[in-house]
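Notes follow once the structure below has been shown.
The values are calculated or read from the model by the stated rules, or taken from the named source; none is laboratory data. For clarity, every value in this text was computed on a predicted model and none was experimentally measured. Every residue, glycine as well, gets a Cβ built from its backbone with ideal geometry; the counts of neighbours run over all protein chains shown.
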Ligand SMILES: [Zn+2]
């Protein structure tokens with residue numbers, strides 16, 4: 001039996017079939033073209049799913065799981081108005097896919113499903129509670145306890161990017177507050193700080209390379225960003241008491257120096273009983289969203 005997972009992202013849609021052991025097959029993807037409107041994007045999702053189901057007996061598919069950028073309402077299946085999907089205003093994504101595809105369909109936000117995938121088949125495996133944080137263009141995440149995503153009232157919890165650690169003097173965030181993690185430590189935030197300091201346009205990858213080569217200014221920029229992540233995680237460790245912390249997303253490509261800095265900040269700043277929390281880089285790579293979406297199918 002298979003579960004079909006589909007990962008709707010701001011730049012691409014990726015889908016695949018997952019077996020009960022977490023192995024993925026028939027993976028395929030296409031570009032997301034949000035400027036063509038939600039109807040066209042939903043058509044593209046349907047075409048992609050039909051393509052990967054080609055040659056598979058419908059009776060062997062248990063259901064469809066969708067991971068989508070938030071905010072979205074898990075109970076109603078409505079995608080509200082994600083910044084990464086311009087033009088998506090209150091789209092009934094779950095029921096529209098369900099009525100065309102005729103399979104039980106489930107929807108959750110992309111960071112929550114990535115957390116679920118890491119918990120079941122990545123480095124959360126074997127733990128009772130795991131906190132996942134993804135650091136790339138934005139910062140998000142999820143908390144899993146005893147196999148379940150902690151969702152909050154409408155499934156909008158775990159917006160870790162908007163945990164503020166310097167509400168008075170910190171950089172202005174897109175949400176209107178100051179000193180949010182996303183404004184201090186996301187990929188674009190690191191690139192922006194570096195571009196200002198070096199007076200030329202820089203990518204996060206270049207900052208990582210310069211720091212690796214021993215440039216003290218680049219190292220300082222990264223240390224500040226990693227300490228901000230550490231400070232945010234200190235709050236989250238005290239709030240959720242996780243057994244493991246898993247970091248994913250593009251910024252983790254900077255490498256082990258990031259995990260060392262973030263974990264020592266946390267261990268040095270949490271209260272003593274919390275110091276045994278363990279730190280890991282996410283294990284699942286490009287299929288994390290597809291696996292997580294498929295995990296939504298019970
Ligand atoms: Zn914010």
**Item:** Residues located in the stretch 134-165, provided they are under 17 Å from residue 291 (Cα atoms) and within 15 Å of the ligand (Cβ to nearest atom)
**Value:** 141
**Request:** Considering (1) loosely packed, with under 15 Cβ neighbours inside 10 Å; (2) touching a strand residue (DSSP E or B) at 6+ places or on another chain (Cβ under 8 Å); (3) modelled with pLDDT of 95 or more, say which one residue 59 fails and leave the rest.
**Result:** (2)
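With the condition being farther than 30 Å from residue 129 by Cα and more than 16 Å from the ligand (Cβ to nearest atom), I'd like the helices (runs of 4 or more DSSP H) fully within the stretch 169-278 carrying at least 1 qualifying residues. Spell out the reasoning first.
Values: elements: 181-185, 187-198, 204-212, 216-240, 256-269.
Once the helices (runs of 4 or more DSSP H) in the stretch 169-278 are filtered for at least 1 residues that are farther than 30 Å from residue 129 by Cα and more than 16 Å from the ligand (Cβ to nearest atom), what remains is 187-198, 204-212, 216-240.
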**Item:** Count of the stretch 283-295 residues which are closer than 21 Å to residue 126 by Cβ and at pLDDT 95 or above
**Value:** 4
**Item:** Subset of the stretch 89-119 [surrounded by fewer than 18 Cβ atoms within 10 Å (Cβ to Cβ) and over 25 Å from residue 37 (Cβ atoms)]
**Value:** 104
**Prompt:** Inside the stretch 1-68, counting only strands (runs of 3 or more DSSP E) that do not spill past its ends, which hold 2 or more residues that are over 20 Å from residue 122 (Cβ atoms), touching a residue at least 12 places away in the same chain (Cβ under 8 Å) and more than 21 Å from the chain's Cα centre (by Cα)?
**Reply:** 61-68
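Yes/no matrix, rows are residues, columns are (1) out of contact with any helix residue (DSSP H, G or I) (no Cβ under 7 Å at 6 or more places or on another chain); (2) free of Cβ contacts under 8 Å to residues at least 24 places away in the same chain; (3) crowded, with 17+ Cβ neighbours inside 10 Å:
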| position | (1), (2), (3) |
| --- | --- |
| 169 | yes, yes, no |
| 175 | no, yes, no |
| 210 | no, yes, yes |
| 226 | no, no, yes |
| 234 | no, no, yes |
| 249 | yes, no, yes |
**Flag if residue 183 is without any contact (Cβ under 8 Å) to a residue 60 or more places away in the chain and more than 16 Å from residue 9 (Cβ to Cβ)** = yes
